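S.K.: Here's a structure for you.
The values are calculated or read from the model by the stated rules, or taken from the named source; none is laboratory data. What you are looking at is a predicted structure, and each value in this text was computed from that prediction instead of being measured. We place every Cβ from the backbone using ideal geometry, glycine too, and count neighbours over all the protein chains shown.
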């Protein structure tokens, strides 16, 4: 059986849930789907201006905490992948001391970065050559020839735009490179969203300015709470079911990415249970993760 690699959200914001998941997978391996492996955890630390795609402006991390969190994943053999996908970055931003501190903390040859701006990519390749570099879906590449151009470059993986998930012609043309394609399985945005790039720009601006404005409410037409549940996401055309994942894996696509940053722990837990756990064990693993995370958070809050 070929290994299927999963890339999970929440380096920082879902750290407790991720580590409880790892405990559950080690303690009850028979309850999880066969051949599945956690290949990376992606995200960022709060206030890092290189971050993009989703907000990360709340909170603060000291250097020691950054180092400890990265080490907690790496000690388990799991790379961290920083979401350095701010679409508004200029050369002045690449010298940001906080983001460079994070990069130095993870500069051990094991970890990865997602990129979409050439100026930052060039800086990382020169300054931190040991990082694996992944081409981000935030580039919004919808032309298969342009995807092939990305694959011709020195990228560890290329994350496919969700609107191409079920395009049979695209999937067939990309088959020779299937093991270097990563597929978003549960994107919540509407198909062919006309404002997605504007959304990325506004998020990027807020990240650089350390602020969240109300402008996004006027940009995104689909921001009701009901539209951001895992159950609702299953109705979207881009959604990849477990059977879809199995079929794509047979073709050679082996890297799948769970969306969850900024969508809340309930959404993320639903996604983990759906994709990773065998049907007969879903209730048990859900209860185990929920109760264990609750205990951890309660203990932290009482300190």
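S.K.: Could you check how many residues of region 165-199 are within 21 Å of the chain's Cα centre (by Cα) and either outside any helix (DSSP H, G or I) or within 20 Å of residue 230 (Cα to Cα) (or both)?
M.R.: The total comes to 17.
S.K.: Tally time: how many residues in region 57-74 are buried (at least 16 other Cβ atoms within 10 Å of the Cβ), out of contact with any helix residue (DSSP H, G or I) (no Cβ under 7 Å at 6 or more places or on another chain) and assigned to a loop (DSSP other than H, G, I, E, B)?
M.R.: Within region 57-74, residues that are buried (at least 16 other Cβ atoms within 10 Å of the Cβ), out of contact with any helix residue (DSSP H, G or I) (no Cβ under 7 Å at 6 or more places or on another chain) and assigned to a loop (DSSP other than H, G, I, E, B) number 1.
S.K.: Quick check on my filter: what residues within region 96-126 are touching a strand residue (DSSP E or B) at 6+ places or on another chain (Cβ under 8 Å), touching a residue at least 40 places away in the same chain (Cβ under 8 Å) and not in a loop (DSSP other than H, G, I, E, B)?
M.R.: Selection gives 99, 102, 112, 114, 120, 124.
S.K.: Can you go through 159, 134 and tell me which one is touching a helix residue (DSSP H, G or I) at 6+ places or on another chain (Cβ under 8 Å), in a strand (DSSP E or B), in contact (Cβ under 8 Å) with a residue 12 or more places away in the chain and closer than 16 Å to residue 257 by Cα?
M.R.: Details: 134 fails: touching a helix residue (DSSP H, G or I) at 6+ places or on another chain (Cβ under 8 Å).
Result: 159 is the single residue among 159, 134 that is touching a helix residue (DSSP H, G or I) at 6+ places or on another chain (Cβ under 8 Å), in a strand (DSSP E or B), in contact (Cβ under 8 Å) with a residue 12 or more places away in the chain and closer than 16 Å to residue 257 by Cα.
S.K.: Scan region 129-150 for residues that are crowded, with 16+ Cβ neighbours inside 10 Å, more than 17 Å from the chain's Cα centre (by Cα) and within 28 Å of residue 107 (Cβ to Cβ) and jot them down.
M.R.: 150
S.K.: Out of region 227-268, which residues are within 17 Å of residue 193 (Cβ to Cβ) and assigned to a helix (DSSP H, G or I)?
M.R.: The answer is 227, 228, 232, 233.
S.K.: Do we have any residue at all in region 75-86 that's crowded, with 20+ Cβ neighbours inside 10 Å, part of a helix (DSSP H, G or I) and in contact with a strand residue (DSSP E or B) (Cβ under 9 Å, 6 or more places away or on another chain)?
M.R.: Within region 75-86, not a single residue is crowded, with 20+ Cβ neighbours inside 10 Å, part of a helix (DSSP H, G or I) and in contact with a strand residue (DSSP E or B) (Cβ under 9 Å, 6 or more places away or on another chain).
S.K.: Something else about it: Starting from region 271-282, take each residue that is in contact (Cβ under 8 Å) with a residue 60 or more places away in the chain and list its partners that are surrounded by fewer than 17 Cβ atoms within 10 Å (Cβ to Cβ) and assigned to a helix (DSSP H, G or I), counting only C-beta distances under 7 angstrom and pairs at least six apart or across chains.
M.R.: These pairs meet every condition: 275/242.
Condition check ((1) at pLDDT below 90; (2) surrounded by fewer than 16 Cβ atoms within 10 Å (Cβ to Cβ)) across all residues:
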{"position": "258", "(1), (2)": "no, no"}
{"position": "262", "(1), (2)": "yes, no"}
{"position": "270", "(1), (2)": "no, no"}
{"position": "274", "(1), (2)": "no, no"}
{"position": "278", "(1), (2)": "no, yes"}
{"position": "284", "(1), (2)": "no, yes"}
{"position": "287", "(1), (2)": "no, yes"}
{"position": "294", "(1), (2)": "yes, yes"}
{"position": "302", "(1), (2)": "yes, yes"}
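S.K.: Continuing with the same structure: Take region 21-49 and flag every residue that is surrounded by 21 or more Cβ atoms within 10 Å (Cβ to Cβ), at pLDDT 95 or above and in contact with a helix residue (DSSP H, G or I) (Cβ under 8 Å, 6 or more places away or on another chain).
M.R.: Those that are surrounded by 21 or more Cβ atoms within 10 Å (Cβ to Cβ), at pLDDT 95 or above and in contact with a helix residue (DSSP H, G or I) (Cβ under 8 Å, 6 or more places away or on another chain): 21, 24, 41.
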